[in-house]
Amino acid sequence: MRAAVIESPERIIYREVPDPTPGPNDVILRVAAAGLCGTDLHIHHGEYEAIYPIIPGHEFAGTIVAVGSAVADLAPGMRVTADPNIFCHRCAYCRSNKPNQCLNLRAVGVNQDGAFAELVRVPAENIYPIGDLPFTQAAFAEPLGCVVYALQRTEIRPADNVLLFGAGPMGSLLAQAITHAGAARLVVSDISPQRLARIATLGATDTVLAGPRQDATLRQIAPEGFDMVIDATGVPAVVEAGFTYLRPRGKYLFFGVCPAGAQIRVTPYDIFRHDWQIIGSFALSYTIQEAIRWLQTGKVRVESLISHQLPLAEVQHGFEIAQHDQERMKILFLP
């Protein structure tokens, strides 16, 4: 088959590789759509928990073409998506219902070959049927599952005022989820006017263009600060500045992926004095099914979030767009 292979940091090549074969408890999918994620960019830059060479791609949907000898409840022809996270089910975290912190965590597209390929091997237990949901929408199940998990972690309260940094694909999923969770006001800040215009149609009550007037505008909107601040940019300077907009007893969700080793400055006394909660949210934790339901019912809309659909042969071009086009949204590869 043909696949996109990150052979080493900053080096991705579209080439022929051996077809995957299923183990007894695996299935093989023919990939119909696979999304390019910020994590893929981190892997490309050598900034994430990857092994090389690696076929990236962990947001995907497709059709089962083969099943392992021990798989009884799945069959070729089924339309499915998958949770890319592979848990050991044996460590202390798995056994205490914290599987995303599994001590032996593996992930399709990170340290096991992923879906930027014609075919991908996935454990059968990670498969979720999607019915007649379009593949291009089902490819959002994994990132939306991350959003569902983040909302479970934060427990947004009815009528909260929320400030969200980042109006990209993940920010746009978060905006819809936050609105459905009952927030009274959702203010979104981004560097892109085009992205802000789009997110205004997805639940944002106010949009603020990042720049010289951002601080004064945010303080005019919420003089006492926001009940919750969420970073979906992964930019350390943005994360650091977000603390200045958090009101006493507020919550700060770190959702964006900052580079490993990046540091920010925060005053411990402020955390103590203001009763702040700082919440991390890593990946997902058995939340794919909830994401599929949201997609199937149309409660979360993703069609407007797809800015590019490219053949996998143009994977290098897709990565270049993702790194240099500030207006782009979700890039889907169609193997």
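Each residue in the range 50-65 was checked for being buried (at least 18 other Cβ atoms within 10 Å of the Cβ) and either outside the structural domain of Ile130 (by TED's automatic domain parsing) or modelled with pLDDT of 95 or more (or both), and 10 pass.
Pairing each residue of the range 122-135 that is not assigned by TED's automatic domain parsing to the domain that holds Ala33 with any residue that is part of a strand (DSSP E or B) and of a type in the set (D, E, K, R), provided the two are 6+ apart or on different chains, yields no C-beta distance under 6 Å. For the range 208-226, the condition of being in contact with an Asp or Glu (Cβ under 7 Å, 6 or more places away or on another chain), in a strand (DSSP E or B) and under 11 Å from Asp160 (Cα atoms) holds for none of the residues.
Assessment of the range 92-103 against the conditions (among the basic types (Lys, Arg) and free of Cβ contacts under 8 Å to residues at least 40 places away in the same chain) yields at least one matching residue. From the list Ala291, Ala283, Ala313, exactly one residue is in a helix (DSSP H, G or I), in contact with a Gly (Cβ under 9 Å, 6 or more places away or on another chain) and either touching a residue at least 12 places away in the same chain (Cβ under 8 Å) or crowded, with 16+ Cβ neighbours inside 10 Å (or both). Which is it? Just a single option satisfies the conditions, and that option is Ala291. From the list Arg198, Arg153, exactly one residue is basic (Lys, Arg), at pLDDT 95 or above, within 23 Å of Ala283 (Cα to Cα) and in a helix (DSSP H, G or I). Which is it? Of Arg198, Arg153, the one residue that is basic (Lys, Arg), at pLDDT 95 or above, within 23 Å of Ala283 (Cα to Cα) and in a helix (DSSP H, G or I) is Arg153. Here is the figure for the range 294-310: residues that are in a helix (DSSP H, G or I), under 22 Å from Gly234 (Cα atoms) and without any contact (Cβ under 8 Å) to a residue 60 or more places away in the chain total 0.
Residues in the range 78-131 that are among the acidic types (Asp, Glu), within 21 Å of the chain's Cα centre (by Cα) and either buried (at least 18 other Cβ atoms within 10 Å of the Cβ) or under 21 Å from Ile13 (Cβ atoms) (or both): 2 in all.
Within the range 248-257, is there a residue that is farther than 29 Å from Asn85 by Cα and surrounded by 19 or more Cβ atoms within 10 Å (Cβ to Cβ)?
Yes, the range 248-257 has at least one match.
Of all the residues in the range 119-139, those that are touching a strand residue (DSSP E or B) at 6+ places or on another chain (Cβ under 6 Å) and either of a type in the set (Phe, Trp, Tyr) or over 16 Å from Ile288 (Cα atoms) (or both) number 5.
Does Val300 satisfy the condition of being touching an Asp or Glu at 6+ places or on another chain (Cβ under 7 Å) and surrounded by 15 or more Cβ atoms within 10 Å (Cβ to Cβ)? Steps first, please.
Details: touching an Asp or Glu at 6+ places or on another chain (Cβ under 7 Å): no; surrounded by 15 or more Cβ atoms within 10 Å (Cβ to Cβ): yes.
Answer is no for this residue.
Evaluation of Met78 against the conditions (1) at pLDDT below 95; (2) over 16 Å from Gly57 (Cα atoms) shows that the sole unmet condition is (1). Within the range 134-165, the residues that satisfy the criterion of being under 14 Å from Val229 (Cα atoms), buried (at least 24 other Cβ atoms within 10 Å of the Cβ) and either more than 13 Å from the chain's Cα centre (by Cα) or among the aromatic types (Phe, Trp, Tyr) (or both) are Val162, Leu163, Leu164, Phe165. Residue count for the range 199-209 under the criterion of being surrounded by fewer than 19 Cβ atoms within 10 Å (Cβ to Cβ), touching a residue at least 24 places away in the same chain (Cβ under 8 Å) and more than 19 Å from Leu144 (Cα to Cα): the result is 0.
Filter the range 228-247 down to residues that are under 24 Å from Tyr48 (Cα atoms) and in contact with a helix residue (DSSP H, G or I) (Cβ under 6 Å, 6 or more places away or on another chain) and give me whichever is surrounded by the fewest Cβ atoms within 10 Å (Cβ to Cβ). Applying the filter and picking the extreme gives Asp231.
Filtered by the rule that a residue be modelled with pLDDT of 95 or more, under 20 Å from Gln152 (Cα atoms) and not in a strand (DSSP E or B), the range 235-274 gives Phe255, Gly256. Residue selection: Phe272 satisfies the criterion of being without any contact (Cβ under 8 Å) to a residue 24 or more places away in the chain and not assigned by TED's automatic domain parsing to the domain that holds Cys94. Restricting attention to the range 7-42, which residues are surrounded by fewer than 20 Cβ atoms within 10 Å (Cβ to Cβ), outside any strand (DSSP E or B) and of a type in the set (A, V, I, L, M, F, W, C)? Of everything in the range 7-42, those that are surrounded by fewer than 20 Cβ atoms within 10 Å (Cβ to Cβ), outside any strand (DSSP E or B) and of a type in the set (A, V, I, L, M, F, W, C) turn out to be Val17, Leu41.
The values are calculated or read from the model by the stated rules, or taken from the named source; none is laboratory data. Please read all numbers here as calculations on a predicted model, not as lab measurements. Positions of Cβ are generated from backbone atoms using ideal geometry, with glycine treated the same way; all protein chains shown enter the neighbour counts.
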